[in-house]
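Inspection log for the structure reproduced underneath, given as structure tokens.
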């Protein structure tokens, strides 16, 4: 969506990072959603098989337990030959510390209003820890 700032995250339901990330993503959405931040969550089962459920089960968990009010897409691959085109683009724009491949659940990409990938954050970077980055891009 041109005109909005995007935070794109590969999510999983059974990861040690699940609770904190979904909770903090919800807080970011509440705080910045009406200021132009869109959060896009893409479930992925490529890391430790931690997203084994159906798309319906995944959406149920996100929307019921974590009250997600942002889109939870159908399951995608983020690495490999079957990687979703969006993820091929994101990785080509912003490689990680150890190359392009996404290493784990809850890798975050920040995309500005013009569609440029301006940040890539490791799974251990919590959503709240990148709030300043989000604010800067929203104000740009």
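Nothing in this text is a laboratory measurement; each read-out follows from the coordinates by a stated rule. What you see is a predicted model; the values in this text were computed from it and never measured. Cβ placement follows ideal geometry from the backbone for every residue including glycine, while neighbour counts extend to all protein chains displayed.
The convex hull built on the alpha-carbon positions of the stretch 15-140 has an orientation-averaged projected area of 7.5 nm². A Förster radius of 22 Å combined with the Cβ-Cβ distance from residue 67 to residue 114 puts the calculated FRET efficiency at roughly 0.10. Ranked by how many other Cβ atoms sit within 10 Å of their own Cβ, fewest first, the residues 124, 72 fall in the order 124, 72. In the chain, Cα pairs under 8 Å separated by at least six residues give a relative contact order of 32 percent.
Taking every DSSP beta bridge that has both ends in the stretch 10-140, the antiparallel portion is near 60%.
Calculated mean residue ellipticity, 222 nm, the chain: -8000 deg cm²/dmol, from DSSP H runs (n ≥ 4) at -39500 (n - 2.57) each, averaged per residue and rounded to 500.
Got a sec? How would 81, 128, 27 order by Cβ neighbour count within 10 Å, fewest to most?
81, 27, 128
What whole number of Å gives the distance from the Cα centroid of the stretch 70-100 to the Cα centroid of the stretch 40-69? Cα centroid to Cα centroid, the span is 16 Å. Among 51, 38, sorting on how many other beta-carbon atoms sit within 10 Å of each Cβ, with the fewest leading, yields 38, 51.
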